[in-house]
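Enquirer: First the structure, which I've put down as structure tokens, then a few questions once you've had a look.
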Amino acid sequence: MGSMKVFIMGSLWWEFPMFADQHDNIAHMKAKGAAVEVNMHTMTSADLLKALRTVINDPSYKENMMRLSRIHHDQPIKPLDRAVFWIEYVMRHKGAKHLRAAVHNLTWFQYHSLDVIGFLLACAASAIYLITKCCLFSCQKFGKTGKRKKRE
């Protein structure tokens with residue numbers, strides 16, 4: 001169950017964070033007093049039972065989650081009404097071109113950042129060329145040992 005569904009329902013929450021943003025989500029919810037974290041790698045059956053009993057029997061978890069749910073539901077208009085408004089808005093303004101993302105106005109090479117990649121490659125090639133020329137010049141200038149005289 002995602003964190004938004006938990007907020008909407010005001011459900012109790014205990015979680016096994018495994019990947020992505022789950023560690024961050026559970027840390028925020030623990031800080032708000034609305035969740036218990038169970039470490040999946042070091043968990044025993046006693047830890048799991050303790051976490052379940054804590055969340056179920058301690059009324060502060062339910063109170064905190066209901067408080068967060070009320071905060072989440074505190075909106076001036078219902079989400080369905082907002083969706084209907086924006087659909088009608090787009091229809092009234094014939095697609096609402098002024099709300100489109102600026103990415104739609106980019107050329108294909110700007111969209112794929114080929115101009116930036118080309119510039120960076122040119123800078124890298126210039127730097128490599130200059131370093132190579134400097135190394136060759138210094139080897140020629142300081143690398144000469146002079147003419148050796150042949151012994152007869």
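Enquirer: If you compute percent of Cα pairs over 20 Å apart for the structure shown, which of (i) 59; (ii) 53; (iii) 74 do you land on?
Expert: (iii)
Enquirer: Towards the positive end of the charge dipole of the chain, with charges on Cβ (+1 Lys, Arg; -1 Asp, Glu), say which of Met43, His72, Ser60 has the farthest Cα.
Expert: Of the candidates, Met43 comes out farthest on the positive side.
Enquirer: Using only DSSP helix segments of four residues or longer, with each worth -39500 (n - 2.57), what per-residue ellipticity at 222 nm results for the chain after dividing by its residue count and rounding to 500?
Expert: Per the formula, -19000 deg cm²/dmol.
Enquirer: Considering the dipole of the chain built from charges on the beta carbon (Lys and Arg +1, Asp and Glu -1) around the Cα centre, which of Ala101, Ala124, His112 is farthest to its positive end?
Expert: Ala124
Enquirer: Based on alpha-carbon centroids, what's the gap between the range 63-89 and the range 1-52 in Å, whole number please?
Expert: 24
Enquirer: While we're here: Starting from 0.36 nm per residue, how many nanometres of slack lie between Ala101 and Leu136 once their C-alpha separation is accounted for?
Expert: Taking Ala101 through Leu136 to full extension adds about 7.6 nm, to one decimal.
Enquirer: May I ask you to derive the relative contact order of the range 1-136, considering only C-alpha pairs under 8 Å and at least 6 residues apart, and to give it as an integer percent?
Expert: It rounds to 21 percent for the range 1-136.
Enquirer: Ok, one more. Would you mind getting me the FRET efficiency between Arg53 and Asp74? Use the beta-carbon distance for r and R0 = 30 Å, nearest 0.05. Intermediate results must be reported in sequence, preceding the final value.
Expert: Working: r = 32 Å, r/R0 = 1.05.
E(calc), rounded to 0.05, equals 0.45.
Enquirer: Okay, moving on. Using a basic spin-label model with each label point 7 Å from the Cα along Cα→Cβ, how many nm lie between Ser60 and Asp115?
Expert: 5.7
Enquirer: Next question. Any chance you could run the full-extension gain for His28 through Val90? It's 0.36 nm times the residue separation minus the Cα-Cα distance, nm to one decimal.
Expert: 18.7 nm
Values in this text are rule-based calculations from the coordinates and carry no lab data. Treat the numbers as computed from the prediction; the structure is a model and nothing was measured. Note that we place each Cβ from the backbone using ideal geometry, even for glycine, and neighbour counts take in every protein chain shown.
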